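Visitor: There's a structure below that I have some questions on.
The values are calculated or read from the model by the stated rules, or taken from the named source; none is laboratory data. Predicted model only: the values in this text are computed from it and were never measured. Backbone-built Cβ (ideal geometry, glycine too); neighbour counts: all protein chains shown. Ligands, DNA and RNA are stripped out before the accessible areas are found, and what is left, the full protein with its side chains, is counted by its heavy atoms. Shrake-Rupley method; radii C 1.70, N 1.55, O 1.52, S 1.80 Å.
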Amino acid sequence: MHAFRNLTRLAAWLLAAHSAMTGVAGAAPSASAQSAPADHGPLVANHQIDAGDLTIGYAELGPANADVVILLHGWPYDINSYADVAPLLAERGYRVIVPHLRGFGTTRFRSADALRNGEPAALASDVVALMDALKIERATLAGYDWGARSAAIVAALWPERVNALVSVSGYLIGSQEAGKKPLPPAAELQWWYQYYFATERGRAGYAQYTRDFAKQIWRLASPQWAFDDATFARSAAALDNADHVAIVVHNYRWRLGLADGEPRYAVLEQRLARAPTIGVPTITIEGDANGAPHPRPETYAAKFTGRYEHRTFRGGIGHNPPQEAPREFVQAVVDATRLAQAPKP
């Protein structure tokens, strides 16, 4: 209780300081009140670099010598989730890196023999490998869905590499052991696609109907987001990656203990199975109309032991806040970096 009161006082102090500096107040922005973002056009992965097991395709914007923000997308989306966020952050003076995850877009495996591994530790290790390849010592990490999980894992296991964290749906670190525990029927129903992918019929179905499947997920996960066909097609092209189906199926089978990971990640997975706390400055986000499975904010607040704030984006925001509410997402990233820079009270 004493720690909670301290956290509350700290949040109030930071909010007051931020309001004084910027004139912006309130931690639960409403999408209905936001100004429509400028259409910056598609985000193009105009760079390619060898990093660990992969050659990673990524977009880069902003000055080369500035503070770095790495934006991580989810499934079944792509870097265009940040088509408005990335330019707005670059305009604020950040160096912005937006990579395609393994199995998406122009990211490829360097070896034809590599296991098409979708386990969480592998995806998070890709982020560290990218930072190493680009000689980035520290960065602010922001993401949703698979990207939020990877960002949180890096913050938990390699905190010395992370300035601040912005995580949609908060603490998504899990384990195969945790995945064995049954959920109430309504919650299990939300995971229908996980069980579909557990079957060979599911693998074949996803391979045959990848884009139709992805559009269905978009609609279910963000039921009030009125995206058009052009917006979907722009991102769906990234799903044509030859490794995409194998990575997605392995990811969800691994969660249920139906597929093995790689031995080199076993120690990392053991550490993650202990649900480590995250001590870097963090802002978590939830959309008020998120139709995808997600934990309630009150269930994970205690996992963030550093400077911490939660924001609910209101006005029908679903599972993909950077694309549905880009200005609010940008502000969260900026405020998270300020949490990291603020002097200790």
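Visitor: Just give me the residues in the stretch 273-310 being touching a Pro at 6+ places or on another chain (Cβ under 7 Å) and closer than 29 Å to A342 by Cβ, in sequence order.
Guide: Restricting attention to the stretch 273-310, the residues satisfying the condition of being touching a Pro at 6+ places or on another chain (Cβ under 7 Å) are 279-280, 284-287, 289, 291, 306-307, 310.
Listed by number, the residues that qualify are G279, V280, T284, I285, E286, G287, G306, R307, H310.
Visitor: Determine, yes or no, whether T299 is touching a strand residue (DSSP E or B) at 6+ places or on another chain (Cβ under 8 Å), open to solvent by 30 Å² or more (accessible area, probe 1.4 Å) and either under 16 Å from G174 (Cβ atoms) or in contact (Cβ under 8 Å) with a residue 40 or more places away in the chain (or both).
Guide: Numbers: touching a strand residue (DSSP E or B) at 6+ places or on another chain (Cβ under 8 Å): no; open to solvent by 30 Å² or more (accessible area, probe 1.4 Å): yes; either under 16 Å from G174 (Cβ atoms) or in contact (Cβ under 8 Å) with a residue 40 or more places away in the chain (or both): yes.
When the stated conditions are applied, T299 does not pass them.
Visitor: Follow-up. Could you check the stretch 268-296 and list, in sequence order, the residues that are of a type in the set (S, T, Y) and crowded, with 16+ Cβ neighbours inside 10 Å?
Guide: Filtering the stretch 268-296 for residues of a type in the set (S, T, Y) gives 277, 282, 284.
Answer for the stretch 268-296, where residues must be of a type in the set (S, T, Y) and crowded, with 16+ Cβ neighbours inside 10 Å: T282, T284.
Visitor: Still on this model: Starting from residues that are among the hydrophobic types (A, V, I, L, M, F, W, C), open to solvent by 70 Å² or more (accessible area, probe 1.4 Å) and in a helix (DSSP H, G or I), keep the ones in the stretch 181-238 and report whichever is modelled with the lowest pLDDT.
Guide: Taking the stretch 181-238 as the starting set, the residues that turn out to be among the hydrophobic types (A, V, I, L, M, F, W, C) are 183, 186-187, 189, 191-192, 197-198, 204, 207, 213-214, 217-218, 220-221, 225-227, 230, 232-233, 236-238.
After this cut, where a residue has to be open to solvent by 70 Å² or more (accessible area, probe 1.4 Å) as well, the list is 183, 186, 189, 192, 220, 226, 230.
This time we only want the ones that are in a helix (DSSP H, G or I), so: 186, 189, 192, 220, 230.
Working: A186: 92, L189: 95, W192: 96, L220: 97, A230: 97.
Going through the qualifying residues, I end up with A186.
Visitor: Give the stretch 55-72 a look and list any residue that's open to solvent by less than 20 Å² (accessible area, probe 1.4 Å) and either in contact with a Ser or Thr (Cβ under 6 Å, 6 or more places away or on another chain) or of a type in the set (S, T, N, Q) (or both), or say none.
Guide: I56, G57, V69, L72, listed by residue number.
Visitor: Right, next: Within the stretch 89-103, how many residues are surrounded by 23 or more Cβ atoms within 10 Å (Cβ to Cβ) and either more than 19 Å from M131 (Cα to Cα) or in contact with a Pro (Cβ under 9 Å, 6 or more places away or on another chain) (or both)?
Guide: Selection size over the stretch 89-103: 2.
Visitor: Return the only residue of D126, D78, D132, D113 being touching a residue at least 24 places away in the same chain (Cβ under 8 Å) and farther than 25 Å from V280 by Cα.
Guide: Numbers: D126 fails: farther than 25 Å from V280 by Cα; D132 fails: farther than 25 Å from V280 by Cα; D113 fails: touching a residue at least 24 places away in the same chain (Cβ under 8 Å).
The match here is D78.
Visitor: Tell me which residues, restricted to the stretch 141-162, are touching a residue at least 60 places away in the same chain (Cβ under 8 Å), open to solvent by less than 10 Å² (accessible area, probe 1.4 Å) and within 21 Å of G57 (Cβ to Cβ). Talk me through it step by step, then tell me what you get.
Guide: Pass one, the stretch 141-162, residues touching a residue at least 60 places away in the same chain (Cβ under 8 Å): 141-148, 150-153, 155-157, 159, 162.
Next, only the ones that are open to solvent by less than 10 Å² (accessible area, probe 1.4 Å) stay: 141-144, 146-148, 150-153, 155, 162.
L141, A142, G143, Y144, W146, G147, A148, S150, A151, listed by residue number.
Visitor: Of the residues that sit in the stretch 163-180 and are open to solvent by less than 40 Å² (accessible area, probe 1.4 Å) and assigned to a loop (DSSP other than H, G, I, E, B), which one is nearest to S81 (Cα to Cα)?
Guide: Narrowing the stretch 163-180 to residues open to solvent by less than 40 Å² (accessible area, probe 1.4 Å): 164-175, 179.
Subset that is assigned to a loop (DSSP other than H, G, I, E, B): 169-175.
Details: S169: 16, G170: 18, Y171: 20, L172: 19, I173: 22, G174: 24, S175: 27 Å.
Across the stretch 163-180, the extreme among qualifying residues is S169.
Visitor: When the residues of the stretch 243-258 are filtered to those that are touching a Phe, Trp or Tyr at 6+ places or on another chain (Cβ under 9 Å) and of a type in the set (A, V, I, L, M), which remaining residue is most open to solvent (accessible area, probe 1.4 Å)?
Guide: L258
Visitor: Within the bounds of the stretch 126-140, is there any residue that is touching an Asp or Glu at 6+ places or on another chain (Cβ under 7 Å) and open to solvent by 20 Å² or more (accessible area, probe 1.4 Å)?
Guide: There is at least one residue in the stretch 126-140 that is touching an Asp or Glu at 6+ places or on another chain (Cβ under 7 Å) and open to solvent by 20 Å² or more (accessible area, probe 1.4 Å).
Visitor: Could you grab me the full set of residues in the stretch 138-162 that are basic (K, R) and outside any loop (DSSP other than H, G, I, E, B)? Don't jump to the end; show me each part of the working.
Guide: Of all residues in the stretch 138-162, those basic (K, R) come to 138, 149, 161.
The answer is R149, R161.
Visitor: How many residues are outside any loop (DSSP other than H, G, I, E, B), of a type outside the set (G, A, S) and farther than 26 Å from G174 by Cβ if we restrict to the stretch 98-137? Please lay out each step first, then the result.
Guide: From the stretch 98-137, those outside any loop (DSSP other than H, G, I, E, B) are 98-99, 108-109, 120-133; that's our starting set.
Okay, now just the ones that are also of a type outside the set (G, A, S), so 98-99, 108-109, 120, 123, 126-128, 130-132.
From what is left, the residues that are farther than 26 Å from G174 by Cβ are 108.
Total meeting the criteria: 1.
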